[in-house]
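Down below is the structure, laid out as structure tokens.
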Amino acid sequence: MSPTPVALAELIAALGGDLLGEPDIRIARIAPLDEAGADAISFLANPRYQAQLATTGAGCVIVAPALAEAAAARGAAIVTPDPYLYFARLTQWWAARVRPRAVAGVHPSAIVSPDAKLGQGVEIGPLAVIEAGAVIGDHARIGAHCVIERDAVVGDQTRLAPRVVLGHGCRIGRRGIVHSGVVIGADGFGFAPSKNGYVKIEQLGAVAIGDDVEIGANTCIDRGALSDTVIEDGVKLDNQIQIAHNVHIGRNTAMAGCAAVAGSTRIGANCTIGGAANIVGHLTIVDGVHISAATTVTRSISAPGVYSGPYPFEENSSWQKNAATLRQLSTLRERVRDLEKK
Amino acid sequence: MSPTPVALAELIAALGGDLLGEPDIRIARIAPLDEAGADAISFLANPRYQAQLATTGAGCVIVAPALAEAAAARGAAIVTPDPYLYFARLTQWWAARVRPRAVAGVHPSAIVSPDAKLGQGVEIGPLAVIEAGAVIGDHARIGAHCVIERDAVVGDQTRLAPRVVLGHGCRIGRRGIVHSGVVIGADGFGFAPSKNGYVKIEQLGAVAIGDDVEIGANTCIDRGALSDTVIEDGVKLDNQIQIAHNVHIGRNTAMAGCAAVAGSTRIGANCTIGGAANIVGHLTIVDGVHISAATTVTRSISAPGVYSGPYPFEENSSWQKNAATLRQLSTLRERVRDLEKK
Amino acid sequence: MSPTPVALAELIAALGGDLLGEPDIRIARIAPLDEAGADAISFLANPRYQAQLATTGAGCVIVAPALAEAAAARGAAIVTPDPYLYFARLTQWWAARVRPRAVAGVHPSAIVSPDAKLGQGVEIGPLAVIEAGAVIGDHARIGAHCVIERDAVVGDQTRLAPRVVLGHGCRIGRRGIVHSGVVIGADGFGFAPSKNGYVKIEQLGAVAIGDDVEIGANTCIDRGALSDTVIEDGVKLDNQIQIAHNVHIGRNTAMAGCAAVAGSTRIGANCTIGGAANIVGHLTIVDGVHISAATTVTRSISAPGVYSGPYPFEENSSWQKNAATLRQLSTLRERVRDLEKK
């Protein structure tokens, strides 16, 4: 985290952008505008924070062309059409500088089946288990304590943090990132009722995950009952999300922490699902739908837009009064109707 | 997943049912009606899908007696009183055909205390840890990276997926299935406030789980404070469920993903708890109660029935108008009362 | 769990309190008033249970001075100003008697980098992984299958249950307790949108956790984007909690199971957050705020107090009627306004 400072010239050479100011200014860290000192580079992406441009101590600020003059008036600036995207690329470049590189090879404590297939430049961490028939793509990194079950597939350059389970026959594509505690391919929740209690429906499908997918810590994606659960390319899932069997999530959809999707629901592409939102089963949600945090979605959504449903919170005594009235709400409507008739 | 096709005659011999059609038709997969081709067997359990009977390409359809004629008119059919239950049993039979059998024995990398007791035909996976005093029943399967702490008990034929923690002194009965990431027997959340901050109440109970219980991925069941947390026979828990200390869940109750039950609440038998439902602590819920998804249960329930409480979701601009009114709801009631008085 | 019974005299010698009754009464367990027999010690902390004092079979009851007489009338009693706190300390003393002591040393199956630094009396469990640069404080206990990544720090006497991940550069202070499945230091959820999908913002901060913090099973605390996510001294987190990047939680705040806090939100000291409550991002909540279970907090809170927001649950048919009205609530208000004008 405290690497050798880097000259702006080197940074520009790697990432592009127009530099206003001295190319030999050296940067030791990336920081928000209000915390940045002379050794830090910062960025201004949200116009709401524009006032901070005048007060920040940052050694360099990444700005859009419209703010180039204002930024340069106070010190060095990098001008780029999309400062937030530039910032994202800067963090990637920075992380590559400061983090240890992958070390290709299989840790001697890992247990790798002779019937697994490992690509070139693969790194297998300590105590990982790779079962027969598994395929690990080129330059993939499998963290400590991961379990890759039989016939599972990890795509090229995909990185699994320590302690991920990829169930038998499940696949994840290229350039994926899977965080610790993720369980891909546990059984979907399916039972037939009988006189003697529930009878398990064995889950015969798998999980198919596309390229460029990131999956947050302790998230679960269940295998399908008959066909596969599907996560398309570019999907981003935060922590502790629950994806039930046979859910289908379209390309580039992002879901925040603790969201949950029940069985067989189909979510379109380019959606955003807020934190702790719940979507019941067997629904269809079209492309471009945005669900607010903590919303419970109980019916299909056929038009793009923003949908909400959490109960508005308030100070407890007000809430108790309103909640009590809520229990009599349909009665209240009847009373208004009666009044209107008079 | 692509086993040798099986003749209907063999399937009938194993599972029963009345076959209408050719016994030597060969089946290569199980599929839903609308995805089934000539090499697939499908089923019709929900009358809502009856129209699909005319259009499915399935080689064989499992139906109830009332639909035998209609099913046979289009191809082979298996007639059985409960097609969904038959389907469940078919999936079990199918899974037994296609999945590798358990291989009795202790993987050389597992760390098994000489003071643990292993039954006959037990399979202990790679890198599992079995502590002193633990008892593993006959034909139980302990997955890779599981930790069975001291004095814990796993019943006969119970199967733990990779990476399950069964805490010290906790017990699970026979024929159970526990998925990856499950934590049974972490400490319940109990503290006494003091001038110097919270003082931990050590959790001295354990977790007692009956027979035929299934527990989904990353679900947690905490140990009791003084006495045990209890999960009765036949309970089915989906993924990422939280069961707090001293909860008691009655026989054959099923809970969907992300549900949570706070401390000391007692839930009856044959209940269903919808996904992401929350039940606060110290309540009693009788047998036969059904809680809708995302409901927050804040008081005891003394009669069987269906109970709901999620906020109805809607398009955001409507929701914002209604939510704003909601904050003034008790005032609105007052205004109606005043109008009525006039 | 079934240790040698202990005389009240010994217990008083260890924990203090005034004994009314025979010092040689022997106690074999701790039990609630309504389950306690003559071999059990119980406590009365909540006046609501005072009636049980007359009927309990407990061999000894811990009570406040006001109830000393009533308690002594029925058998032995320990009188102390705060019976619940006394009970908490009793459970700690009891656990120390009945549970195996830590055994200092590194299990031969653990994989400890020669560049890690282990304090005195450290216990490292089977198959744990300790990477280079990690620091494990004196008398810390690292459970089986834990992964302590490079440069992470575990404070003195902190105890990690089996299967905890402490990410690179993350720190936890002294006397902490971390339960199984916890993931500290996974990446926060940050992306810049681009024409080609989301571009990852590498998370360059870490997680800084104070002293005396307890973290429940399967809880996740993400690393910060630029600066650290911070959990102050004395914080208690229950199971399956999600703490997003750059959240700051103040001293002695307690959060119940399944609560979730979105990115950059700042929660004060001495707050309580109910189970399954959700707090959206970029808010500030002052000290001394109490959030009810299942509340969704959507704006900052600037005054101490109790805040609520779950939807009141009810029997399904009533709920459906009220929910239908709820969708027309702002219209209903308009109608009342019109009536008032007449």
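Listed here are the residues, each with its yes/no results for (1) modelled with pLDDT under 95; (2) over 24 Å from the mean Cα position of the chain (by Cα); (3) of a type outside the set (S, T, N, Q).
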site	(1), (2), (3)
C:SER109	no, yes, no
C:GLN120	no, yes, no
C:GLU123	no, no, yes
C:GLY133	no, yes, yes
C:HIS139	no, no, yes
C:ILE148	no, no, yes
C:VAL164	no, no, yes
From the option list B:ASN252, B:ASN239, B:ASN218, single residue qualifying as open to solvent by 10 Å² or more (accessible area, probe 1.4 Å) and within 10 Å of another protein chain (Cβ to nearest Cβ) is B:ASN252
Assuming B:TYR307 fulfils every condition listed in (1) more than 25 Å from C:THR219 (Cα to Cα); (2) not in a strand (DSSP E or B) apart from one, which condition is it? (2)
(1) of a type outside the set (Val, Ile, Thr); (2) within 12 Å of another protein chain (Cβ to nearest Cβ); (3) surrounded by 18 or more Cβ atoms within 10 Å (Cβ to Cβ): which one isn't true of C:GLY173, the others all being true? (2)
Scanning region A:62-92 residue by residue, those open to solvent by less than 50 Å² (accessible area, probe 1.4 Å) and either of a type in the set (Ser, Thr, Tyr) or within 14 Å of chain C (Cβ to nearest Cβ) (or both) turn out to be A:ILE62, A:ALA64, A:THR80, A:PRO83, A:LEU85, A:TYR86, A:PHE87, A:ALA88, A:LEU90, A:THR91
Just to verify a result, which residue in region B:101-125, among those that are open to solvent by 70 Å² or more (accessible area, probe 1.4 Å) and in a loop (DSSP other than H, G, I, E, B), is nearest to the other protein chains (Cβ to nearest Cβ)? B:PRO108
Hey, among B:ALA116, B:ALA58, B:ALA96, B:ALA64, which residue is closer than 23 Å to A:GLY197 by Cβ, modelled with pLDDT of 95 or more and small (Gly, Ala, Ser)? B:ALA64
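Name the residue, out of C:ASN270, C:ASN246, C:ASN322, that is surrounded by 21 or more Cβ atoms within 10 Å (Cβ to Cβ), polar (S, T, N, Q) and not in a helix (DSSP H, G or I).
On the way: C:ASN270 fails: surrounded by 21 or more Cβ atoms within 10 Å (Cβ to Cβ); C:ASN322 fails: not in a helix (DSSP H, G or I).
None of the others qualify; the one that does is C:ASN246.
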Scan region B:258-267 residue by residue and report those that are open to solvent by less than 10 Å² (accessible area, probe 1.4 Å) and in a loop (DSSP other than H, G, I, E, B). B:ALA259, B:THR265
Counting only residues that are closer than 21 Å to B:ASN239 by Cα and of a type outside the set (A, V, I, L, M, F, W, C), which one in region B:292-307 is most open to solvent (accessible area, probe 1.4 Å)? B:SER292
Residue in region B:139-155 that is nearest to B:GLY176 (Cα to Cα), counting only those that are in contact with a strand residue (DSSP E or B) (Cβ under 9 Å, 6 or more places away or on another chain) and of a type outside the set (A, V, I, L, M, F, W, C): B:GLY155
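Could you list, in sequence order, all residues of region B:73-98 that are polar (S, T, N, Q) and part of a helix (DSSP H, G or I)? Let's see the steps before the verdict.
We begin by selecting, within region B:73-98, every residue polar (S, T, N, Q); these are B:80, B:91-92.
Hits for region B:73-98 are B:THR91, B:GLN92.
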Positions within region C:1-21 being loosely packed, with under 14 Cβ neighbours inside 10 Å and not in a helix (DSSP H, G or I), in sequence order: C:MET1, C:SER2, C:PRO3, C:THR4, C:PRO5, C:GLY16, C:ASP18
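Could you list all residues from region A:188-205 that are of a type in the set (A, V, I, L, M), open to solvent by 10 Å² or more (accessible area, probe 1.4 Å) and part of a loop (DSSP other than H, G, I, E, B)? Can you show your working first?
Initial filter on region A:188-205 (of a type in the set (A, V, I, L, M)): A:192, A:199, A:201, A:204.
Then keep just the ones that are open to solvent by 10 Å² or more (accessible area, probe 1.4 Å); that gives A:199, A:204.
Correct list: A:LEU204 only.
Here are A:GLU315, A:GLU334: which of them is open to solvent by 70 Å² or more (accessible area, probe 1.4 Å), within 10 Å of chain C (Cβ to nearest Cβ) and touching a strand residue (DSSP E or B) at 6+ places or on another chain (Cβ under 9 Å)?
Just one listed residue meets the conditions, A:GLU315.
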Residue hits (region A:275-291; assigned to a loop (DSSP other than H, G, I, E, B) and either surrounded by fewer than 24 Cβ atoms within 10 Å (Cβ to Cβ) or more than 10 Å from chain C (Cβ to nearest Cβ) (or both)) are A:VAL280, A:GLY281, A:HIS282, A:LEU283, A:VAL286, A:ASP287, A:GLY288
Name every residue in region A:303-341 that is in contact with a Gly (Cβ under 8 Å, 6 or more places away or on another chain) and farther than 23 Å from B:ALA294 by Cβ, in order of residue number. A:PRO304, A:GLU315
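The values are calculated or read from the model by the stated rules, or taken from the named source; none is laboratory data. The structure presented is a predicted model; accordingly, all values stated were derived computationally and were not measured. Note: ideal-geometry Cβ built from the backbone for every residue, glycine included; neighbour counts use all protein chains shown. Quick note on the areas: whole protein, heavy atoms, side chains included, nothing else; ligands and nucleic acids left out. Shrake-Rupley method; radii C 1.70, N 1.55, O 1.52, S 1.80 Å.
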